[in-house]
Structures are given as structure tokens and as C-alpha cells.
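First comes the structure, then the notes that go with it.
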Amino acid sequence: LATLLKTARRDAPHHYPLILFLADTGARLGEAVALRWNDVSDDLGSVRIARSFSMGRFLGPTKTGRERIVELSSRLRAVLAQERPDIFGENAPAFPNEDGGFIDQSNFRARIFSRVVRKALGQGRRFTPHGLRHTFASLHLSRGTNLLWVQRQGGWTSPAVLLGTYAHFLPTELQGFADALTPLDGPIRTLDRSGRAAARKSTPRSGTISRGSVVGPPGLEPGTDGLKVHCSAN
């Protein structure tokens with residue numbers, strides 16, 4: 001992914017903001033092409049994805065028919081800050097073609113993106129703009145990013161749909177979580193019969209927690225150092 005983005009920035013500078021947007025948001029290509037500057041928040045921290053441009057002719061709702069707010073990465077915010085004009089019309093595309101209109105997706109795939117892929121990943125590598133959406137999901141899930149955040153960011157219909165495709169990228173530790181609810185130190189907060197909070201001495205890693213207790217901060221899951229995954233783009 002880093003190699004692809006570096007190549008795009010060098011060899012396709014006009015389209016680099018669009019490619020970075022696809023990589024860092026998980027958005028569909030039609031959603032990104034349809035994005036307008038008035039969909040971008042004033043502080044460049046988020047965008048509203050409300051429509052999709054398809055077949056080079058049709059502007060309509062997103063694939064799921066739902067709008068969503070997408071959080072932007074710091075590097076994407078920096079790029080958009082350089083690209084956003086001081087004055088723009090209500091319908092001005094955020095990622096326009098050279099004439100200021102909507103990008104032709106077929107032309108972008110065949111002439112721009114495929115050329116970047118060949119230079120970055122090799123002649124025999126088949127990889128499309130939609131592959132950046134798969135890469136976004138697989139990399140985030142393999143690093144333990146919150147599942148609901150990934151689902152809402154990319155606009156998948158539900159967490160179940162996301163898991164059905166990408167569950168094999170989740171961290172695979174299957175033991176070591178038994179004490180996740182056991183406080184490491186400090187008193188355990190409990191409630192007496194009157195409903196008032198009471199404290200008793202904690203017994204880390206041993207003993208039991210009484211029924212009705214209010215558990216303290218959860219333990220930390222083991223790290224995922226050394227986890228090996230195979231993503232859409234490396």
C-alpha cells in the first residue's frame with residue numbers, strides 16, 4: 001500500500017488525492033467521484049458521503065441508500081487542505097477531471113490506476129481501485145481497529161456483512177483473556193443492599209467477583225506483534 005501511494009504521488013499527482021482518499025476511507029470509487037467540496041467539513045476532519053456517480057452518467061444515492069459521515073486521516077486532511085480552492089461552487093467536485101467535471105471512472109481505471117499499479121506492484125499484478133476498499137478493511141481489522149468504526153466508515157450494510165468477508169483478518173489470539181475483567185490493582189467497587197457504593201480489597205488474578213459488582217477498567221488484550229496477514233495490497 002505504501003509503495004502504491006508513493007508511486008501515485010510521483011506519477012499521477014493530479015489523481016493522488018483521489019487514490020489516497022480511497023485508501024484511507026474505504027469508500028467506493030463512485031462515492032469518491034461524487035464527493036463535492038461542500039460535503040467536506042470546514043476543519044477537513046470528516047466528509048459526508050451521500051451519493052454515488054456510476055457508469056459515467058448517473059448521479060444517485062450510495063449503494064446502500066444511506067448517507068454516512070467518514071472520518072479523515074491526518075495525511076488525507078493535509079492533502080485536501082492543499083487542494084481545496086478558496087472559492088468553490090455548490091456542485092464543485094472534490095476530485096475533478098482536468099475540465100473541472102466528474103472523473104470518468106472507466107478512463108481512471110484503465111489509464112491512470114492500472115499504470116500506477118504496474119509501476120508499483122509489477123506487470124502481472126491485477127489490482128483495481130475497489131481493491132483499496134478491501135485493503136482498508138483487512139489492514140484495519142488485522143490491527144484491532146473497532147469493528148463498528150470500520151463498518152460505518154466504509155458503509156458496509158452491517159457488521160455481519162463485514163465479518164462475513166474479512167473475519168479471517170481479525171487477530172487470532174484464542175487464549176489469555178480469562179482475567180480481562182479482573183482489576184489489576186485498587187479496590188473493586190461493589191453495591192451494598194441499600195444500593196450505596198462500597199469498596200473491598202481487590203484480589204488480582206485470583207478469587208471471585210461478587211454478583212452485582214461494578215467491574216473496574218478492563219484488562220488489556222495481548223499485543224498482536226508478529227501477526228502475519230495477506231492483504232489486497234502490500
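Quickly run through the stretch 41-66 and pick out the residues that are within 17 Å of Asn91 (Cβ to Cβ), touching a Lys or Arg at 6+ places or on another chain (Cβ under 7 Å) and either open to solvent by 80 Å² or more (accessible area, probe 1.4 Å) or not small (Gly, Ala, Ser) (or both).
Within the stretch 41-66, Ile49, Leu59, Pro61 qualify.
Could you pull out every one of the strands (runs of 3 or more DSSP E) wholly within the stretch 1-64 that has 1 or more residues that are modelled with pLDDT under 95 and either among the hydroxyl-bearing types (Ser, Thr, Tyr) or closer than 16 Å to His134 by Cα (or both)?
52-54
Would you check if there is a residue in the stretch 110-117 being of a type outside the set (Lys, Arg), in contact with a strand residue (DSSP E or B) (Cβ under 9 Å, 6 or more places away or on another chain) and surrounded by 14 or more Cβ atoms within 10 Å (Cβ to Cβ)?
no
Just to be sure, is Leu29 open to solvent by less than 70 Å² (accessible area, probe 1.4 Å), touching a residue at least 12 places away in the same chain (Cβ under 8 Å) and at positive phi?
No.
So Pro13 clears everything in (1) free of Cβ contacts under 8 Å to residues at least 40 places away in the same chain; (2) under 17 Å from the mean Cα position of the chain (by Cα) except one condition, right? Which one?
(2)
For Glu98, indicate whether it is in a loop (DSSP other than H, G, I, E, B), touching a residue at least 60 places away in the same chain (Cβ under 8 Å), among the acidic types (Asp, Glu) and open to solvent by 70 Å² or more (accessible area, probe 1.4 Å).
Yes.
Would you check if there is a residue in the stretch 102-109 being open to solvent by less than 40 Å² (accessible area, probe 1.4 Å), under 27 Å from Ala2 (Cβ atoms) and aliphatic (A, V, I, L, M)?
yes
Tell me, which residue of the stretch 116-170 that is of a type in the set (S, T, N, Q) and either touching a Pro at 6+ places or on another chain (Cβ under 8 Å) or in a helix (DSSP H, G or I) (or both) is nearest to Asp11 (Cα to Cα)?
So the residue we want is Thr135.
The values are calculated or read from the model by the stated rules, or taken from the named source; none is laboratory data. Model, not experiment: these values are computed from the prediction. In this analysis, Cβ positions are derived from the backbone assuming ideal geometry, glycine residues included, and neighbour counts consider all displayed protein chains. SASA here: full protein model, heavy atoms, side chains in, ligands and nucleic acids out. Shrake-Rupley method; radii C 1.70, N 1.55, O 1.52, S 1.80 Å.
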